[in-house]
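Okay, so here's the structure we're looking at.
The values are calculated or read from the model by the stated rules, or taken from the named source; none is laboratory data. On a predicted model such as this, the values are computed, not experimentally measured, just so you know. Cβ placement follows ideal geometry from the backbone for every residue including glycine, while neighbour counts extend to all protein chains displayed. Remember, those area values only see protein heavy atoms, side chains included, never the ligands or the DNA or RNA. Shrake-Rupley method; radii C 1.70, N 1.55, O 1.52, S 1.80 Å.
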Amino acid sequence: MNVKNFDRKFALHHQHSFGGRWQAYLFSAAIGFVFISIQLFAIRDKPISIIANNAEPLQATNRFSHSNISSPFEQIFVVNRLPKYQTKKSPEAQQIEKTISPTDRICFVHVGKSGGSTVGCALGFGLHCKNNTKMMDGLLPRRTTNMFHADCYDCYDESAFFLFVVRNPLERIKSAFLYERPYGINWLKNNYPQYYERRKAFYMDCPFRFLEDWVQIGLLGKTGSKGSKYRMKEECQEIARHSVWGTRRYQEHLYFNYQFHLEGLPDNAKLLTIRNEHLLDDWNQIEQYIGGEK
């Protein structure tokens, strides 16, 4: 995996969180420095000739939490663990991981609320299919070994392809809005304290309890549902726009959108696409395209 490119991705993904481009660059540089320090620490006892001649590759500095498969993500962020939903429990999949080269691999790029969980489970990943120990027959599930989801990039830059699942954008936005809408402020605080401030700002502090209000009041500046005379204050109009654009992190699924993931890929990445509305046909065409059975 190309460490420099990974560093670039991390900076792109988090530039909104650090107050601007320069802060993101500084944070990216800090990550690079830490990674170089870790590598130097790992090889400090090796003979100089081996290091200079590059005769022996660096050993992985970490392993998966749930298997013996080395993880690109964990090799860089050594204090973190890859989420369970990004791993495969199938013994066959773990055996493939030990033998397949990075250039033969396919990276599954999971964009939330696009139908990717269905495809991910079929590929053998955890996702929302708990204790998934099987994957479907065919070449596609066997070559799709790693996943990129939200701020966790666990793929090799030299992967043969990057696989997306895409969906009608309006349907995806509607699904994301309803999925993250809290039942109430106490429920939100007790069940999702890590998202409390963000979702409270959108769903509670602004009158966006209903999708119609978000569109009519927040985006169009009109009256809301049921003839409401409420007029939007400027701050909430800004929140409404940034939410739908994915430029501020009020909802996870809208922030980690297609553009977010696309910007995180190598410049020369080759993409494969499964349309949510044509899932079976597209799956079969990709299977054939990569050399599987018709």
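With unit charges on the beta carbons (Lys and Arg positive, Asp and Glu negative) and the dipole taken about the Cα centre of region 245-294, which residue among 264, 279, 247 sits farthest to the positive side? It is 247, whose Cα lies furthest towards the positive end. Just so you know, the Rg over Rh for region 118-183 is 1.02, from Cα atoms, with Rh as the Kirkwood radius. Checking the a/c ratio against 1.5 first, then a/b against b/c, what shape does the Cα gyration tensor give for region 141-294? Verdict is prolate for region 141-294. Here residue 233 is the anchor, and the aspartates and glutamates within straight C-alpha reach of less than 16 Å, apart from those fewer than 8 places off in the same chain, are 205, 213.
Scoring 182-195, 279-292, 100-113 by mean Cβ neighbours within 10 Å over their residues and listing the highest first yields 100-113, 279-292, 182-195.
Given a Förster radius of 30 Å and the C-beta distance between residue 241 and residue 189 as r, what FRET efficiency does 1/(1 + (r/R0)^6) yield to the nearest 0.05?
Between residue 241 and residue 189 the formula returns 0.70.
Length gained on full extension, residue 129 to residue 259: 44.2 nm, using 0.36 nm per residue less the C-alpha separation. Normalised by 2.2 N^0.38 Å, where N is the number of residues, the C-alpha radius of gyration of region 157-208 stands at 1.60.
For residue 294 and residue 104, what is the calculated FRET efficiency with R₀ set at 22 Å and r taken between the beta-carbons, to the nearest 0.05? Efficiency at R0 = 22 Å is approximately 0.60. If you take all other residues with their beta carbon under 15 Å from the beta carbon of residue 175, and give Lys and Arg +1 and Asp and Glu -1, the sum is +1. Kirkwood hydrodynamic radius of region 80-192, from the reciprocal of the average inverse Cα-Cα distance over all distinct pairs: 15.3 Å. For region 245-294, taking Cα atoms only, Rg and Dmax work out to 14.8, 44 Å respectively. When 99, 273, 87 are compared by accessible area at a 1.4 angstrom probe, the order from most to least is 99, 273, 87.
Using heavy atoms of the protein chains and a probe of 1.4 Å, the accessible area assigned to residue 142 is about 50 Å². Exceedance of the 23 Å cut-off in Cα-Cα distance is limited, within the set 84/270; 174/270; 174/222; 84/113; 84/294, to 84/270; 174/270; 84/294.
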